Amino acid sequence: MSTPQDDLFTIVGSGHRPKPTVTLVPAWRRAFNKIPKISSFLLLLIILGCIFAPLLANHNPTEFYSSNLNQPPDGEFYFGTDSMGRDIYSVLWYGGRISIIIGLLAAAVSTIIGIVYGCISGLAPAKFDAFFMRLAEILCSIPCLLLQLLLLGMVNGTGIISLSIIIGVTNWMNLSRFVRTEVRQIRNSDYVLSATMMGARFFHVLWYHLLPNFLSPILFVIVSSIGVSMTMEATLSFLGLGLPTEIVSLGTMLSLASRALLTNSWWVILVPGVFLVVTLVCITNIGHRLRREINRGSSYL
């Protein structure tokens, strides 16, 4: 049995210092360790409040209190009631849950499409790569709202799943361009060429060889797309083109803004608006911090 060399010899001397052990930490893990604490804490509170909405709500969010229409905030209705007589405090947590679910589902759809499309374009020959990128740029030049209105016109009734898919399929173009750029840089690496020569399929190469290498640079885009999807849902519902009024979300709550302005019911607009803005600011702040830390970590390599 062989004895390790470090056990046979010991370096001694007055000026000798042991060599420190360096542990390589992935860029995305370093970024997560330095995410903003206040934004993370507020976002965690919001998510926990939406998850445990039945415990926090003091009224039935689907019940209409006809004797308390446009009731200002008081001891019974903490944030007042809207023009339909619903308790805003109770509806807020359930509506926030729906908006966050739509944001996550839409971000998942756009991430899957963007990654697959970007990898296909990055691995394709130059002519096909140029065609795929020109197509993505053309779609990116069209306002997302117009594409969503076109798709909404083809759907017979909008639900949570259908609206999430519509938002997701109109919001993948920028991510695909990031992925394509990263794939073009690593597609000629030895491990990618070896896997291809051994007959590995496209999704095997994507999952085991490409995705681990470009996940860190696109992580901030994925996080930011959650906030963008929530904003799109609120915009569509505010215009009356998103979720129906019987499905409570932050967008459907804000759709009553025109009535609230006529009746001077400021709390109907202010409370859901502040809730949505705080959530979006927290998500955006976390996404920007992830990008900053990942870029800083990449510059050291």
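Please verify whether the stretch 123-144 includes one or more residues that are touching a residue at least 24 places away in the same chain (Cβ under 8 Å), more than 30 Å from residue 79 (Cβ to Cβ), of a type outside the set (Asp, Glu) and open to solvent by 70 Å² or more (accessible area, probe 1.4 Å). Within the stretch 123-144 (the criterion being touching a residue at least 24 places away in the same chain (Cβ under 8 Å), more than 30 Å from residue 79 (Cβ to Cβ), of a type outside the set (Asp, Glu) and open to solvent by 70 Å² or more (accessible area, probe 1.4 Å)), the answer is no, since none of the residues qualifies.
The helices (runs of 4 or more DSSP H) falling completely within the stretch 199-301 that include 1 or more residues that are touching a residue at least 60 places away in the same chain (Cβ under 8 Å) and under 20 Å from residue 176 (Cβ atoms) map to 202-205, 211-238, 266-299.
Of the residues 233, 293, the single one that is at pLDDT 85 or above, acidic (Asp, Glu) and either on the phi < 0 side of the Ramachandran plot or open to solvent by 10 Å² or more (accessible area, probe 1.4 Å) (or both) is 233. Taking the conditions (1) more than 28 Å from residue 231 (Cα to Cα); (2) modelled with pLDDT under 85; (3) of a type outside the set (Val, Ile, Thr) in turn, residue 153 satisfies each one other than (1).
In summary, residue 270 fulfils each of the numbered conditions (1) within 29 Å of residue 152 (Cβ to Cβ); (2) open to solvent by less than 30 Å² (accessible area, probe 1.4 Å) with the single exception of condition (2). Identify all residues within the stretch 46-89 that are out of contact with any Cys (no Cβ under 8 Å at 6 or more places or on another chain), open to solvent by less than 90 Å² (accessible area, probe 1.4 Å), under 24 Å from residue 279 (Cα atoms) and not in a loop (DSSP other than H, G, I, E, B); write none if there are none. The answer is 47, 48, 49, 50, 53, 54, 56, 81, 87, 88, 89.
How about the stretch 128-177: which of its residues are in contact with a Phe, Trp or Tyr (Cβ under 8 Å, 6 or more places away or on another chain) and aromatic (Phe, Trp, Tyr)? Step through it out loud before you land on a result.
Filtering the stretch 128-177 down to residues in contact with a Phe, Trp or Tyr (Cβ under 8 Å, 6 or more places away or on another chain) leaves 132, 136, 172, 176.
Scanning the stretch 128-177 gives 132, 172.
The set of residues in the stretch 189-211 that are open to solvent by 40 Å² or more (accessible area, probe 1.4 Å) and β-branched (Val, Ile, Thr) contains only 196.
Can you tell me which residue in the stretch 158-188 is most open to solvent (accessible area, probe 1.4 Å), limited to those that are in contact (Cβ under 8 Å) with a residue 12 or more places away in the chain and outside any helix (DSSP H, G or I)? So the residue we want is 187.
The values are calculated or read from the model by the stated rules, or taken from the named source; none is laboratory data. Just so it is clear, the structure is predicted and the values come from calculations on it, not from any experiment. In this analysis, Cβ positions are derived from the backbone assuming ideal geometry, glycine residues included, and neighbour counts consider all displayed protein chains. SASA here: full protein model, heavy atoms, side chains in, ligands and nucleic acids out. Shrake-Rupley method; radii C 1.70, N 1.55, O 1.52, S 1.80 Å.
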